Amino acid sequence: MLKRTVGGELWCISQPEHAAAAGYLAAHWGNREFARPGRYAPFPDPERLRAETVLAVAEHDNGWWEWEADPQIDPSDGLPLDLTSLKQSDGLRRWDLGVSRFRRRHPYIALLISFHAYWLHAPRVEAGHTPAFLHPLFGIPAEWPPPKGRELEEAKRFVAEQHALQKLLRERIKDDPAWAAAVRPRHLNPHIRLLQLCDALSLHLCFGGDKERTLREIPRRCWNDRVSLRVLPKGKRRVAVDPYPFDQDPLPVTLRARILNPETRPAEDFQTWWQAHSRREIRFRLVR
């Protein structure tokens, strides 16, 4: 759950709702200046590769479905815990579940989601990682609270497990002649980064979209052609992106959220109270 107070309202947005918005952005990614997913290098079936990548972005938080249906409650406000308040172990279990759902039928999707989880944690526990895969919204590892003690060992174990899983998934994908090229760096790297970028842009909107940000190391025509995107608030939920990577201008983006008064306190029968609050649409426009 993402909880943010924006303009006097408390926005409660589930992880799957946020991910759906990220998938929408991925589906509209690409224009004369920016390559579409699947077309960062020659590939036998670029539209199929694009479809798998877009679905990976849209489902990158699917491991949170069960938690969101029956969430842990924050005793301070009686509402579901914010993502940042969860124990690390709870989050790692969500990634394990989310990746496993796609391993059999969509190994490329599982691989992309695994790399997304891996790069959220690896820079915190291992030195020497390339900045090209640091999450574009969360900054450099030195700015993150480092795990210690049991959490450090837990994170190291998770990173090692994801690394081993990625090796297995790569080998399985290579066994399919039509897909073998998909795990080469010129294809895989920009798709990993695109997932991170769409995740970051969706989170930016979930947080209100009212701050200026610079998102770095974003692939444009190919992996070796990377740029920084400036994200600028323009008022009335208009957000400018420069350079502009989408196929529509403006691009309407809709988030679905439960919107509450920040002073609201739930009734004792939380689920009945929670389900009685319908999700409302929050509409943004991304512009050049």
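Being in a helix (DSSP H, G or I), among the small types (Gly, Ala, Ser) and in contact (Cβ under 8 Å) with a residue 24 or more places away in the chain is a property that does not hold for ALA160. Take the conditions open to solvent by 60 Å² or more (accessible area, probe 1.4 Å), over 22 Å from ASN261 (Cβ atoms) and at pLDDT below 95 and apply them to GLU47. Does it pass? No. Hey, does the range 83-100 have a residue that's in contact with a strand residue (DSSP E or B) (Cβ under 6 Å, 6 or more places away or on another chain) and in a loop (DSSP other than H, G, I, E, B)? No, the range 83-100 contains no residue that is in contact with a strand residue (DSSP E or B) (Cβ under 6 Å, 6 or more places away or on another chain) and in a loop (DSSP other than H, G, I, E, B). Checked against (1) of a type in the set (Val, Ile, Thr); (2) farther than 28 Å from CYS12 by Cα; (3) free of Cβ contacts under 8 Å to residues at least 24 places away in the same chain, THR214 passes all but condition (2). Take the conditions (1) in contact with a Lys or Arg (Cβ under 7 Å, 6 or more places away or on another chain); (2) more than 16 Å from ALA21 (Cα to Cα); PRO250 misses just one of them, which is (2). In this structure, GLU17 qualifies as surrounded by 20 or more Cβ atoms within 10 Å (Cβ to Cβ), among the acidic types (Asp, Glu) and either touching a residue at least 60 places away in the same chain (Cβ under 8 Å) or under 22 Å from PHE158 (Cα atoms) (or both). Kindly list, by first and then second residue, each pair from a residue in the range 178-207 that is over 18 Å from ALA27 (Cβ atoms) to a residue that is polar (S, T, N, Q), limited to pairs with Cβ atoms under 9 Å and residues at least 6 apart or on different chains. Once the first residue is over 18 Å from ALA27 (Cβ atoms) and sits in the range 178-207, its partners that are polar (S, T, N, Q) give ARG186/ASN224. Might you check whether a residue that is open to solvent by 20 Å² or more (accessible area, probe 1.4 Å), under 20 Å from TRP179 (Cα atoms) and under 15 Å from the mean Cα position of the chain (by Cα) occurs anywhere in the range 55-73? The answer is yes; a qualifying residue exists. So which pairs qualify, if the first residue must be in the range 65-80 and on the phi > 0 side of the Ramachandran plot, the second must be open to solvent by less than 80 Å² (accessible area, probe 1.4 Å), the Cβ gap must be under 6 Å, and the two must be at least 6 apart or on different chains? Hits for this filter: GLY78/PRO266.
The values are calculated or read from the model by the stated rules, or taken from the named source; none is laboratory data. What you see is a predicted model, and the numbers here were worked out from it, not measured in a lab. A quick note on method: Cβ atoms are made from the backbone with ideal geometry, for glycine too, and the neighbour counts reach across all protein chains shown. Just the protein is used for accessible areas: all its heavy atoms, side chains included, with ligands, DNA and RNA removed. Shrake-Rupley method; radii C 1.70, N 1.55, O 1.52, S 1.80 Å.
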